[in-house]
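J.: Sharing a structure, written as structure tokens. Questions coming.
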Amino acid sequence: MNSLPRRLFCAALAFLGAVTLPAQSLIQDNYGTGTATMPGGVAVSSVDLLQTHLTSATRTGAPGSGNTYFYREDSGYTVDLGRLSDGAYGTFGSSGLGGDGQYTVMPNNVTLTFTLDTVAHPAGYSLSSLRTFASWDSGRDGQAYSVKYSTADNPLTFLPLITITTYNNTSFPTGTSMEWDDESGQFIEVETTDESIANTLVQISASSGYLVTNVAALQFVFSGHENGGTAYREIDVFGVASIPEPGALAALLGAIALGVASVARRRQR
Ligand SMILES: [Ca+2]
Ligand SMILES: [Ca+2]
Ligand SMILES: [Ca+2]
């Protein structure tokens, strides 16, 4: 496509963006388990958009020192964003510590950007739901972040989609043990909680239709939670390629035809 039709095409996309319906009300569902079972009873996906139409994943804004230094790029820990979109959950809990390639910690205040393939689908993508999975012990399982998006007509400008309500798993197996009690001078039964495995899933969906349409890129801004960061296992983004509406498509094709005709006329002179 030469440059004028391409500009017209982009202008038409901007028009399409302008007529996109406002986002439906968004729904956040939280799921947590404290055993070797998937939160929400769902598996991670290997056919979501981050696995089929991802162009790049980048992480920026790594913080400086102390607690916030945790899992920074130059801290010595592996930062492998590919683990977030490999269709694998890994071992439940923190047993992956030591670099078994299953988790990527998102330290507080970093921004993760996923750019989708707008060469294959120039109108971007219509998103139906997002799922973020984390697993560690109870000290690094909580989720807190905001999501932003950009559209195909303006891929570098990010707009707010949702700030989730912080979710911390509280579903852990309980038991009892006998402990010596100084006051009564005898063993007494006390309740115990095993928080060595903690899995969380936050799912964001729309009340109807799509979360948002014509998406070119997504940003997750991790807004600060327990113990320096959260051990994410997978981020699934579900949706389909956005298709220009028939009326708008006709206008788009008409604009391109006009542009081509105008270029042809100018060349004839
Ligand atoms: Ca996936
Ligand atoms: Ca994974
Ligand atoms: Ca926690």
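The values are calculated or read from the model by the stated rules, or taken from the named source; none is laboratory data. Because the structure is a prediction, the values reported are computed rather than measured. So basically every Cβ, Gly included, is an ideal-geometry build from the backbone, and we count neighbours across all protein chains shown.
J.: Just give me the residues in segment 78-114 being surrounded by fewer than 18 Cβ atoms within 10 Å (Cβ to Cβ) and of a type in the set (Val, Ile, Thr), in sequence order.
T.: Scanning segment 78-114 gives 78, 79, 91.
J.: Right, something else. Could you tell me which numbered condition residue 114 fails, if it satisfies all but one of (1) over 15 Å from the mean Cα position of the chain (by Cα); (2) within 16 Å of ligand 1 (Cβ to nearest atom)?
T.: (1)
J.: Give me the residue from segment 17-70 that is modelled with pLDDT of 95 or more and surrounded by fewer than 11 Cβ atoms within 10 Å (Cβ to Cβ) and, out of that set, farthest from the chain's Cα centre (by Cα).
T.: If we take residues in segment 17-70 being modelled with pLDDT of 95 or more and surrounded by fewer than 11 Cβ atoms within 10 Å (Cβ to Cβ), then 41 is farthest from the chain's Cα centre (by Cα).
J.: May I pose another question? Just wondering, is there one or more residues in segment 164-174 that are closer than 18 Å to residue 235 by Cβ, in contact (Cβ under 8 Å) with a residue 12 or more places away in the chain, under 14 Å from the mean Cα position of the chain (by Cα) and away from ligand 2 (no atom under 16 Å from the Cβ)?
T.: Checked segment 164-174: at least one residue is closer than 18 Å to residue 235 by Cβ, in contact (Cβ under 8 Å) with a residue 12 or more places away in the chain, under 14 Å from the mean Cα position of the chain (by Cα) and away from ligand 2 (no atom under 16 Å from the Cβ).
J.: Which residue, of 125, 145, is of a type outside the set (A, V, I, L, M, F, W, C), crowded, with 19+ Cβ neighbours inside 10 Å and within 16 Å of ligand 3 (Cβ to nearest atom)?
T.: The conditions single out 145.
J.: In addition: Taking segment 190-219 as the region of interest, how many residues are more than 18 Å from residue 121 (Cβ to Cβ), crowded, with 16+ Cβ neighbours inside 10 Å and either without any contact (Cβ under 8 Å) to a residue 12 or more places away in the chain or of a type in the set (A, V, I, L, M, F, W, C) (or both)?
T.: 6
J.: Hey, could you check segment 149-175 for residues that are surrounded by 19 or more Cβ atoms within 10 Å (Cβ to Cβ) and not aromatic (Phe, Trp, Tyr) and say which is farthest from residue 227 (Cα to Cα)?
T.: Filtering first and then ranking leaves 153.
J.: May I pose another question? Just name the residue that is nearest to the chain's Cα centre (by Cα) out of those in segment 177-227 that are hydroxyl-bearing (Ser, Thr, Tyr) and in a strand (DSSP E or B).
T.: 205
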